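Below is one structure, written out as structure tokens; the observations come after it.
Each value in this text was obtained by applying a stated rule to the coordinates, not by laboratory testing. A quick note: this is a predicted structure, and the numbers were derived from the prediction, not measured. Don't worry about glycine lacking a Cβ; one is built from the backbone with ideal geometry, like all the others, and counts go over all protein chains shown.
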Amino acid sequence: MSKDITLIKNASYVIGCEKDKHYIIPDGEVAFQGDTIIYVGHCYEGEAQHYIDAKRAIISPGFINLHVHLGGCCMERNILPDTGTPYHYMSGLFRMKKPLEEIHQDIMYQFSIGELLSKGTTTVFQQGFGLDEAVDPLGESGIRAIYGQMCADTRFCCENGFRAGYSSKPEGTAIKNLEENMYLRKRRNGSYDGRITIAIDLHAADTCSPELLEEAARYMKEDKDLLCCIHAAQSINEYMYILRTYGMTPADYLHEHGIYGPNVHYGHYYYPSGHTLNTVKYGDELHTIAKDHTNVIHCPLSFGRRGMFLESFQKYKNLGINLGIGTDTMPLDILMEMRYASVFCKIAEGGDPTAASAGEVFNAVTINGAKAIHRPDLGRLEPGCKADIVFIDTQNFECIPVKDPIKTIVYNATGDNVVRTIINGEEIVSEGRPNRLDMERLVYEVQEAFNLTAEGYPKAHSMGWSIDEFSPMTYKVKNIS
Amino acid sequence: MCKVTAIKNASYIIGYENGSHVIYKGGEVVYQGDQIIYVGEKYEHKVDQILDARQGIVAPGMIDLHVDMDALLLEKSTIEDVGNPFHFMDDFYDRPTAEDVSEDEQCDMAEFIACELISKGVTCIYAKGILSEGVIRKLADSGIRVIYAPVAYDSQKLKKNRKALLYRKMPENHGKDILEKTMTLRKKYCNEYDGRLEIAVGLKTTDTCSRELLHQAGELLKEDSSLKLSIGAAQTVDEFVEIAYRYGITPAEYLHDCGIYGPQVQYVDYIMRSGHHMNTMILGDELSLIAQDKTSVVHCPWRYGRRGIVLESFEKYHDMGICMGIGTGSSSLDMMLEMRYAAIFCKYAENINPLKGTAGMIYNAATTEAAKALQKKDIGRLEAGCKADIIIVDIKNYDCSPMRDPVKTMVYTATGKNVSHVIIDGKLIVEEKKPKWEDNKRRELLDKIQRVDDAYASHIAMTFPIR
């Protein structure tokens, strides 16, 4: 790795950090050597071999996006809005017999990585339904990633179209996948200059047996650095299933079988008892989560597109839960996701503009996100930390005027304003484009993949519906060419 | 003869048939001068020039029914996260207003706002602001289609006392003078800017206009059936309660009594009606009255959403028969994002139902319904005979791929930054994402507005400490 020093000059603001707290340096400078930041302040006086003119951009730490389904998220965005299954409390989870994303996963993978990078994500926790060997596309793109092969004993189903249920995978599949994953960790953890981390990816509280959970917990006891993610309380049906099968809430169920603590991410935990949609009166699961120091990863738009809000970001925060943010399956714009997290919380708090302030949600994608993955060297610009740096252009209509750069990022900018990104000291995004990926080719190929997926839709849908039956076109369509 | 331009190589066209948008896969849109002359499969006649849509979506220009020309630009990255607990968390008491800036600065802001809106696909705006020919000219010079309403009022909410709700009376005839001058300007500009500019009557809010002022404006509406009027109504709980205390009726009833209602009139926001969960005063059935009067309501999702307030609900108002439009308000000037906020907030307000506030309903509000609210039969859709107000949305990018339903794409995944071409009144104003105004003008404009903002001293604390 190069030992050259690069100095970033002419920033409008630098977001620095000290003792886990961000601060703002107007007209600041940042210098990094190899993959490490060596200076954050007003004026760097040491030598430098390279200079970057920030052209009045805001220099921000790279954003940590802790819940993304790279394998198929781009398939959903044009299908799922304006749909919902009434028998599943408007969730869309159960009616798909098999995941849509089994065709041309490699293309969708690369496309989604390109989208993430182009909009400011520097670290991603990829979830579920992955390629068997996803390490290389992630590594080659230049992104920093946490990845694990997904393990589950059952998958969602809906035999008669109404009742949510689970179909079993062949006996032993889950444990075998978990073993394979741990072997993958031996081989590939820390590859690509340390940018790749292999974690355990358990699918969901309702699709993992107690045995599987305990096996995963055993691995985690042996390896204190091992991270583990699992979807939990992501649907009312799941909540009821866990409650009636095991007599406890999803959080208590996971706790019982060792899946808790600072290494664990509960994906979503949207519907604890007390949420508007969950009228069960049982337990005090948020306190359990807080006491366990388990992280909750919030994906605002993925639920917000159905009108569902976390109740609320601020409440979880105040209870002491460490919250990260993920873009999940909708447009992978981490800046917009911060805005949704903030606004949905203000609404869920009955109209409180001070709830989930810009600072709170900015922390969630930086220092608190870093905490959730045990990386005190990420999510901040501070000497000694990794050089993961995002340049947000301010010289445009949406950002001007800038008074408070954090509010600009959260409330006014979008991912499109990210013009340059440095990850691990290397420039990965130039002029808004990930420079190791060919967007034109990906756009073309992902459309081809989508068209195939759309054709195969009836086979994946439990009612045999076509894509147009499931998600009617907004207006009448006429094919004229 | 005017030149004939054909837009070719579209992957989708949002056309119009039998009273509704239709999605054409492929096809051509042809316009001559300021008019669309053809939308369909293939134009058989000779054309003078071809515009390559580069596989984008060809759609009608969007209509922004409320652009506030007060100093709202200065709210950006300042006013968020702020609320006044003595006024139901309203941010009025911390908001910059027209008095905080000079007329010259207002003109710069007007130019900035018009340029941003155009570049993000808005082709027609209904703007409210100070009585200034400078501002009006800046807006019209940008090339946008504009209805401008200078704001009349005869009292002002006082900001000094952050706890009590106080009003200061303006000098005698203050509001009346503005109305008279407005009507003079209306005559003066009626034939300028190829008919793109229209002056309308603007009234501030129900609680800052006296009964007399409202009556005078009501008379003007009666005298001139093509005159439009916009007024802020039921914008805050404070305003609703004040009207109830003064007159014993709801804002809608009060306006109705004064003659401020009907198809010529826009109520901006009408969000804090009796029955909204934040307004617990049970009084009257405003929505039925508004629907019956055929008054339209303009919804500005972001400027409420940022404070945690949503309309309850877009679909309910729509189902009551109210003509609903969407406005950006002006601190966020991206109609595509506004549509997304409107859809999501509606789903939430409808007891968490994703089947409400669908893309089609919201998209109509930004196009055909908005045109209806303006009583304009020739904008908001692509159909032969309509004005050539056309946008092209680039879809060959990460935001919009893969594509299936172009309307869902515009509402749920695109942003205004994906707009590649903008044609207003037959004039190509943005081409391949390059606006016709030069880069150094844009540069100058950005610098000017940043300087105005720097000079405006905000007392609001920064998110993180400055070093």
*Is any helix in chain A, taking whole DSSP H runs, at least 20 angstrom long along its axis by alpha carbon and on average at least -1.0 on the Kyte-Doolittle scale, and which ones?*
A:334-348, A:439-455
*Evaluate the relative contact order of region A:63-372 (contact order divided by residue number), counting alpha-carbon pairs under 8 angstrom at least 6 apart; express in whole percent.*
19 percent
*Give me the Debye-computed log₁₀ of I(q)/I(0) at q = 0.15 Å⁻¹ for region B:1-139, equal point scatterers on Cα only, no solvent, two decimals.*
-0.86
*What is the diffusion coefficient of region A:10-149 in µm²/s, taking the Kirkwood radius over Cα pairs and the Stokes-Einstein relation at 4 °C with a viscosity of 1.567 mPa s?*
72 µm²/s
*Which translational diffusion coefficient, to the nearest whole µm²/s, is obtained for region A:63-372 from the Stokes-Einstein equation, given a Kirkwood hydrodynamic radius over C-alpha pairs, 10 °C and 1.306 mPa s?*
83 µm²/s
_Sparsely packed GluC sites (Glu not before Pro) within region A:171-274, loop by DSSP, other Cβ within 10 Å at most 13_ = A:Glu171
*asked:* Using DSSP to call loops (not H, G, I, E or B), can you name the trypsin sites (Lys or Arg not before Pro) in region A:240-338 whose Cβ has at most 10 other Cβ atoms within 10 angstrom?
replied: A:Lys281
*Would you kindly calculate the translational diffusion coefficient of region B:111-154, applying Stokes-Einstein with the Kirkwood radius from alpha carbon pairs, for 20 °C and a viscosity of 1.002 mPa s, and quote it in µm² s⁻¹ without decimals?*
201 µm²/s
_Residue-averaged [θ]222 nm for chain B, counting only DSSP H segments that reach four residues, each worth -39500 (n - 2.57)_ = -9000 deg cm²/dmol
*Given B:Lys138/B:Lys188; A:Lys403/B:Lys160; B:Lys8/B:Lys42; A:Lys315/A:Lys346; B:Lys128/B:Lys377, which pairs have Cα atoms separated by over 18 Å?*
A:Lys403/B:Lys160; B:Lys128/B:Lys377
*So what is the orientation-averaged projected area of the protein assembly as shown, using the convex hull of its C-alpha atoms, in nm²?*
36.8 nm²
*For region A:400-408, in order, what is each residue's ³J(HN,Hα) by Karplus, 6.51 cos²θ - 1.76 cosθ + 1.60 with θ = phi - 60°, in whole Hz (x at glycine and Pro)?*
7, x, 9, 10, 10, x, 5, 5, 4
*Between the helical axis of B:237-247 and the dominant principal axis of chain B, each derived from Cα atoms, what acute angle in degrees is found, rounded to the nearest 10?*
60 degrees
*Mean residue ellipticity at 222 nm from the helices of chain A, using -39,500 (n - 2.57) per DSSP H segment of n ≥ 4 over the full residue count, to the nearest 500 deg cm²/dmol?*
-8500 deg cm²/dmol
*In vacuo Debye scattering of chain B, one point per C-alpha: log10 I(q)/I(0) at q = 0.08, 0.12, 0.13 Å⁻¹?*
-0.45, -1.04, -1.23
*Looking at region A:27-127, which GluC sites (Glu not before Pro) are DSSP coil and have at most 12 other C-beta atoms within 10 Å of their C-beta?*
A:Glu45, A:Glu47
_Helix B:211-223 against the longest principal axis of chain B: what's the angle in degrees, Cα atoms only, rounded to the nearest 10?_
30 degrees
*For B:Ile130, B:Ile243, what ranking results if the residue with the fewest other Cβ atoms within 10 Å of its Cβ goes first?*
B:Ile130, B:Ile243
*Starting from one equal scatterer on each C-alpha and no solvent at all, send me the Debye-based log10 I(q)/I(0) for region B:353-467 at q = 0.13, 0.18, 0.20 Å⁻¹, two decimals.*
-0.80, -1.07, -1.13
*Relative to the longest principal axis of chain B, what angle (0 to 90°, nearest 10) does the C-alpha long axis of helix B:335-349 take?*
60 degrees
*For B:Gln35, list long-range residues whose amide hydrogen, built 1.01 Å from N in the peptide plane, is under 5 Å from its own amide hydrogen.*
B:Ala388
*From the C-alpha gyration tensor of region B:164-289, square roots of 5λ in Å*: 28, 17, 12
_Restricting to Cα pairs below 8 Å that are 6+ residues apart, what does the relative contact order work out to for region B:142-191? Please round to a whole percent._
35 percent
